[in-house]
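Heads up, the thing below is written out as structure tokens.
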Amino acid sequence: MPREVRRHVLSLSQAVPVVEQEGIPWEYLPSQGASGLLPATWRALFAERVTELLHRLDPDVLVFDGTHPYRGLDVALAAHPRTRAVWSRRGMWKAGRNVDQLEKAAWFDAVIEPGDLAGQADRGATAAVPADDVTRVPPVTLVDQDDLSTRTHSRRVLGLPAEGPLALVSLGAGNINDTNDEIGAAVAALQSRQIDVCVTAPAIAERAYAGAGVHLVRHFPLSEHFAAFDYAVTAAGYNSFHETLRLGVPSIFVPNTHTSLDDQVGRAREAARRGWALSTDSLAGGQAQCLVDELVARGNELSAQARRDDPGNGAAEAARTILAVASSSPSRREARP
């Protein structure tokens, strides 16, 4: 968005302070799980907090980013009808999941769906939503190719070796399921090829990988320093998937199968089918070494194909849509009985 647009973030994520780097003020509201409150009590708190924020800031538009609009958001919007509302909703849901949430589109003046490079494999509920009911834009990432730092600068900033091949291993924060065995298998296979290894320690991680001989890095956005890495072994969540493919890092995707909604398996397998990356459901049982060997042999070919098929960043189009809703009148919600 243009810099003159006043922006403000309310988040349930403990990682929310990172938005300060973009000059955006923020507020934190603990999620229901983090708060320890009963669901009904938390929903009342959520509605009260959002209502207070809308009255205090009087924004032209509220953008809810997520797949499950919380009860209480509708109450807050009804209490401040001048504010328009947009639902930013990623696809690639697991088949048959979350279908009831689609009815909540009635709370909003528009729905934006950031695209997915693996969209041809999308079998979730959002894939069947008619085109007239949603604005679909290309995949959205925070960093573009032109934003990348140089290899030398990136390695220096991250405190990584200046020379030699280097791989990024990023298999999630480990809060949903224990990823240490998978990380260990990846590290061992990479090191056997004399490839140095950097393991991410995300801000929201409850613990960090403690294996020997690896570099740990905490940096946001890490993707601006992807030029530091020759290879990546990563989960197939939306951000990791699109950043590694769009920014040209030869990758092995290891989807997290324990997510409740995000179809990481479908996303990773589609990348392999399209010749963009390698994919495996697990690195155990000797799989890691074979895949790392193939990545070294074919990685540049795969990443080049992914770059050729990249439709570009949808962020600017999404921003234009949000600003158009902000300036529209009257609100579609106001017109409903």
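The values are calculated or read from the model by the stated rules, or taken from the named source; none is laboratory data. Just so it is clear, the structure is predicted and the values come from calculations on it, not from any experiment. In this analysis, Cβ positions are derived from the backbone assuming ideal geometry, glycine residues included, and neighbour counts consider all displayed protein chains. Only protein heavy atoms, including side chains, enter the accessible area calculation; ligands, DNA and RNA are left aside. Shrake-Rupley method; radii C 1.70, N 1.55, O 1.52, S 1.80 Å.
Odds and ends about this structure:
- Residue, farthest from ASP116 (Cα to Cα), within the range 283-337, restricted to residues that are of a type in the set (S, T, N, Q) and at pLDDT 95 or above: GLN289
- Among the residues making up the range 53-67, those that are in contact (Cβ under 8 Å) with a residue 12 or more places away in the chain and either in a helix (DSSP H, G or I) or among the aromatic types (Phe, Trp, Tyr) (or both) are LEU53, LEU54, HIS55, LEU57, PHE64.
Matching residues to (1) farther than 29 Å from CYS198 by Cα; (2) buried (at least 21 other Cβ atoms within 10 Å of the Cβ):
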residue	(1), (2)
TRP87	yes, yes
MET92	no, yes
ASP100	yes, no
ALA106	yes, no
ALA118	no, yes
ALA121	yes, no
THR141	no, yes
GLN145	no, no
THR150	no, no
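Results for (1) assigned to a helix (DSSP H, G or I); (2) open to solvent by 20 Å² or more (accessible area, probe 1.4 Å), shown as yes or no for each residue.
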{"position": "PRO255", "(1), (2)": "no, no"}
{"position": "VAL265", "(1), (2)": "yes, yes"}
{"position": "ALA268", "(1), (2)": "yes, no"}
{"position": "SER282", "(1), (2)": "no, yes"}
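- Residue check, ALA232 in a strand (DSSP E or B) and either over 21 Å from the mean Cα position of the chain (by Cα) or at pLDDT 95 or above (or both): yes
- Scanning the range 14-52 for residues that are outside any helix (DSSP H, G or I) and in contact with a strand residue (DSSP E or B) (Cβ under 8 Å, 6 or more places away or on another chain) yields GLN14, ILE24, PRO25, TRP26, GLU27, TYR28, LEU29.
- Filtering the range 263-285 for residues that are over 23 Å from the mean Cα position of the chain (by Cα) and in contact (Cβ under 8 Å) with a residue 24 or more places away in the chain leaves a non-empty set.
- Taken over the range 137-170, the residue count meeting the criterion of being assigned to a loop (DSSP other than H, G, I, E, B), of a type outside the set (Asp, Glu) and touching a residue at least 12 places away in the same chain (Cβ under 8 Å) is 14.
- Residues satisfying the stated conditions in the range 235-259, i.e. modelled with pLDDT of 95 or more and over 15 Å from the mean Cα position of the chain (by Cα): GLY248, VAL249, PRO250, SER251, ILE252, VAL254
- Lone unmet requirement of (1) within 21 Å of LEU247 (Cα to Cα); (2) exposed (fewer than 14 other Cβ atoms within 10 Å of the Cβ) for PRO114: (2)
- Test: GLY184 is surrounded by 17 or more Cβ atoms within 10 Å (Cβ to Cβ) and at pLDDT below 95: yes
- If you go through the range 48-72 and keep only what is open to solvent by 40 Å² or more (accessible area, probe 1.4 Å) and either within 27 Å of TYR238 (Cα to Cα) or of a type in the set (A, V, I, L, M) (or both), you end up with VAL63, ASP65, THR67, HIS68, TYR70, ARG71.
- Count of the range 1-33 residues which are under 23 Å from ALA76 (Cα atoms) and open to solvent by less than 60 Å² (accessible area, probe 1.4 Å): 12
- Listed by first and then second residue, the pairs with beta-carbon distance under 7 Å, at least 6 apart or on different chains, first residue in the range 295-317 and of a type outside the set (Asp, Glu) and assigned to a helix (DSSP H, G or I), second open to solvent by 50 Å² or more (accessible area, probe 1.4 Å) and at pLDDT 95 or above, are VAL296/ARG193.
- Qualifying positions in the range 224-253 - open to solvent by less than 20 Å² (accessible area, probe 1.4 Å), of a type outside the set (Val, Ile, Thr), touching a helix residue (DSSP H, G or I) at 6+ places or on another chain (Cβ under 6 Å) and under 14 Å from SER303 (Cβ atoms): ALA232, PHE241, LEU245, LEU247, PRO250, SER251, PHE253
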